[in-house]
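Report on the following structure.
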Amino acid sequence: MEISLIIRTSPENARRLVSAHRFIQTATEQGHTIRQCFFQSEGVLSATQPKQLMEWQQIADDTQAELLLCSQAAEEHAVQAEGPFQIGGLGALVEAAVRSDRVVSFV
């Protein structure tokens, strides 16, 4: 099964980010594929914090998932794409959703 994720979790909600990481780990251990992680709203801040950046880099290396920062949110929060991240629009999210078997949100 191919899974895409939408992550809107703020940096202050570390517990929710841990849940997203565990979900990805469990899904891949069970043989599922992570197609894309789309970081929207305050999720772009969570993704690009220095201590989170290393974890997302490891996830990208392990899963080959596309890690996209929402272009609007990146502009709003003045975030630059670094490391495994790219900037993408809602069209990329919609395409991933259509091609995935499931879309899971972490808010």
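The values are calculated or read from the model by the stated rules, or taken from the named source; none is laboratory data. A quick note: this is a predicted structure, and the numbers were derived from the prediction, not measured. A quick note on method: Cβ atoms are made from the backbone with ideal geometry, for glycine too, and the neighbour counts reach across all protein chains shown. When the accessible area is computed, the model is the full protein with side chains, heavy atoms only, and any ligands, DNA or RNA have been set aside. Shrake-Rupley method; radii C 1.70, N 1.55, O 1.52, S 1.80 Å.
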Discussion item. For region 21-52: of the residues being of a type in the set (Gly, Ala, Ser) and closer than 16 Å to Ser100 by Cβ, which is least open to solvent (accessible area, probe 1.4 Å)?
Written reply: Ala27
Discussion item. Residues that are touching a strand residue (DSSP E or B) at 6+ places or on another chain (Cβ under 6 Å), modelled with pLDDT of 95 or more and within 19 Å of His77 (Cα to Cα): does region 26-38 have at least one?
Written reply: yes
Discussion item. Checking the conditions here, which among Leu67, Leu5 is touching a helix residue (DSSP H, G or I) at 6+ places or on another chain (Cβ under 6 Å) and open to solvent by less than 40 Å² (accessible area, probe 1.4 Å)?
Written reply: Leu67
Practice prompt. Assess whether Arg15 counts as being basic (Lys, Arg) and assigned to a helix (DSSP H, G or I).
Written response: yes
Item to complete: Provide a single number: the residues in region 73-101 that are assigned to a helix (DSSP H, G or I), touching a helix residue (DSSP H, G or I) at 6+ places or on another chain (Cβ under 9 Å), modelled with pLDDT of 95 or more and open to solvent by 50 Å² or more (accessible area, probe 1.4 Å).
Response: 1
Worksheet item: When the residues of region 8-19 are filtered to those that are of a type outside the set (Val, Ile, Thr) and in contact (Cβ under 8 Å) with a residue 60 or more places away in the chain, which remaining residue is surrounded by the most Cβ atoms within 10 Å (Cβ to Cβ)?
Response: Leu17
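Just for region 53-64: of the residues that are of a type in the set (S, T, N, Q) and assigned to a helix (DSSP H, G or I), which one is surrounded by the fewest Cβ atoms within 10 Å (Cβ to Cβ)? Let's see the steps before the verdict.
Taking region 53-64 as the starting set, the residues that turn out to be of a type in the set (S, T, N, Q) are 57-58, 63-64.
Checking which are assigned to a helix (DSSP H, G or I) leaves us with 57-58, 63.
Values: Gln57: 15, Gln58: 12, Thr63: 19.
Of everything passing the filter in region 53-64, Gln58 is surrounded by the fewest Cβ atoms within 10 Å (Cβ to Cβ).
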